[in-house]
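Please read the structure below before turning to the comments.
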Amino acid sequence: MSVIILGIESSCDDTGAAVICDGMLRSNVLASQKVHEEYGGVVPELASRAHQQNIVPVVDTALKRAGVDKKDLSAIAFTRGPGLLGSLLVGTSFAKGLSLGLRIPMVDVNHLHGHVLSHFVRENPDDKVPEFPFISLLISGGNSQIILVKGYNDMEVLGQTIDDAAGEAFDKCAKVMGLPYPGGPHIDRLAAEGDPTRFKFAKPHIAGLDYSFSGLKTSFLYTLRNAIRTNPDFIEQNKADLAASLQATIIEILLDKLRKAVRQTGVRTVVIGGGVSANSGVRATIEEYCHQNRLTPFIPKRSFTTDNAAMVAIAGYFKYLDNEFCPYDAAPYARVTV
Ligand code: KG4
């Protein structure tokens, strides 16, 4: 009998639902919340309210697009954390209600596991998937981690950020430049036309495999503040070079520790995931690094880089196969590492 999993994602500002049937993606629906743009960041209370409005139509559409009746579902997978508590509560409560109503099990998914396992979402039977063990560079708005992935449900964090995440560095610096939220994609677009060697920003000196991005952010801020004193139009006149130099520094920081992790572990497959893995410079650099070092890279489709329910459904699918179910008293959690 087929294993059909409904995945629900509501950890931040996107309401998602997806259906995976025997590991193959049948539908993937996402309602993004535009309401936060005017505030320059996600407003938790508004996010929870929007999830509340979106969740029923989003799940309904995912089931219809998959051609699946809810009575055919084997289990419901949902993001239990990390994320915004109010947002997570909407998905968790909905999953509980549906699971009780349909008398099928629930599977709780760590959002970060979802990002790592997004490479196993197959849209065609011959889609290639990574072989274990592999190194995952997980770079999102809230996390920057290097993870040694030994199995679907067996992961070890080798390094992580001690302050800001890579996505935060993109977003906070973009905000200082007056770009809309989230700034990462805008920096990416501007960087394509700029000179990445024009400005030099501070790089961290942290031992081991941990990351730090707050020093870079401060150094970016000081560069701008000093320059604006003598030239108020500095940002406008130099925005492409600023974006390109910032992006290049973030990529250097990311690659430096990734290189170390590969050397230390001897692992030959590298995957990237999370919102920042949509960045053109990051993608090109990882491809090139892997090519030069005869490593196998897995670069996700852009639609699987940011939050989505397909990754929740596939992570839930593998837990379901391992009989790892979730009790009804499970509460969402705001923070956790892999
Ligand atoms: O994974 P994600 O959707 O959210 C979290 O789970 O945290 O990642 C969102 C982050 C934001 O910081 C956004 O600016 C960044 O991913 N991002 C990018 C790009 N697209 C999204 N950063 C740089 N370049 C991009 N093209």
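The values are calculated or read from the model by the stated rules, or taken from the named source; none is laboratory data. The structure displayed is predicted, hence computed values, not measured ones. FYI the Cβ positions are ideal-geometry reconstructions off the backbone, even for glycines, and counts take in every protein chain you see. We work out accessible area using only protein heavy atoms, side chains counted, and drop any ligands, DNA or RNA first. Shrake-Rupley method; radii C 1.70, N 1.55, O 1.52, S 1.80 Å.
Under the rule a/c < 1.5 gives rounded, and otherwise a/b versus b/c splits prolate from oblate, where does region 143-233 land using the Cα gyration tensor?
prolate
Secondary structure note: in the chain, about 60% of the DSSP beta bridges are antiparallel.
Output the relative contact order of region 37-145, whole-number percent, from Cα pairs under 8 angstrom with separation of 6+ residues.
Reported as a whole number, the value is 22 percent.
For region 119-132, backbone phi angles converted through the Karplus equation (6.51, -1.76, 1.60; θ = phi - 60°) give residue-by-residue couplings of 6, 9, 6, 10, 9, 10, x, 8, 4, 7, 10, x, 9, 7 Hz, Gly and Pro being listed as x.
Placing a pseudo-label 7 Å from each Cα along the Cα-to-Cβ vector at residue 2 and residue 264 gives an inter-label distance of 4.3 nm. Considering every Cα-Cα pair within the chain, what fraction, in whole percent, is farther apart than 35 Å? So the portion of pairs separated by more than 35 Å is 23 percent.
Can you classify region 97-196 as rounded, prolate or oblate using the Cα gyration tensor, where a ≥ b ≥ c are the square roots of its eigenvalues, rounded means a/c under 1.5, and otherwise it's prolate if a/b beats b/c and oblate if not? In terms of gyration-tensor shape, prolate. Going by the alpha-carbon gyration tensor, a ≥ b ≥ c the square roots of its eigenvalues, is region 25-169 rounded (a/c under 1.5) or, if a/c is not under 1.5, prolate (a/b greater than b/c) versus oblate? The shape class here is oblate.
Probe radius 1.4 Å, ligands and nucleic acids ignored: give me the carbon and sulfur share of the accessible area of region 134-300 as a rounded percent. Let's see the in-between values first.
Values: 3690 of 7380 Å².
So the carbon and sulfur contribution to the accessible surface is 50 percent.
Once the convex hull of all Cα atoms in region 134-300 is built, its volume per residue stands at 104 Å³. Computed from the Cβ-Cβ distance with R0 of 30 Å, the FRET efficiency linking residue 336 to residue 252 stands at 0.60.
Within the chain, helices built from complete DSSP H runs that reach 20 Å or longer along their own axis (Cα positions) and carry a mean Kyte-Doolittle hydropathy of -1.0 or higher are 44-66, 85-102, 214-230, 234-265. Per residue, the average separation of C-alpha pairs within less than 8 Å and at least 6 apart gives region 134-300 a relative contact order of 28 percent.
Here each label is just a point 7 Å from Cα along the line to Cβ, and for residue 150 and residue 39 those points are 4.2 nm apart. Straightening the chain between residue 200 and residue 22 buys 59.2 nm, computed as 0.36 nm per residue apart minus the Cα-Cα spacing. Computed with a 1.4 Å probe over protein heavy atoms only, the accessible surface of region 134-300 comes to 44 Å² per residue. Taking the DSSP beta bridges with both ends in region 134-300, the antiparallel portion is around 60 percent. Per residue, the average separation of C-alpha pairs within less than 8 Å and at least 6 apart gives the chain a relative contact order of 25 percent.
Going by Cα centres, region 1-80 and region 268-308 are how many Å apart? Centre-to-centre (Cα) distance: 25 Å.
Sorting 241-252, 3-14, 294-305 by their mean Cβ neighbour count within 10 Å, with the most densely packed peptide first, gives 3-14, 241-252, 294-305. Helix-only arithmetic for the chain: the sum of -39500 (n - 2.57) across DSSP H runs with n ≥ 4, divided by the residue total, places the mean residue ellipticity at 222 nm at -14000 deg cm²/dmol.
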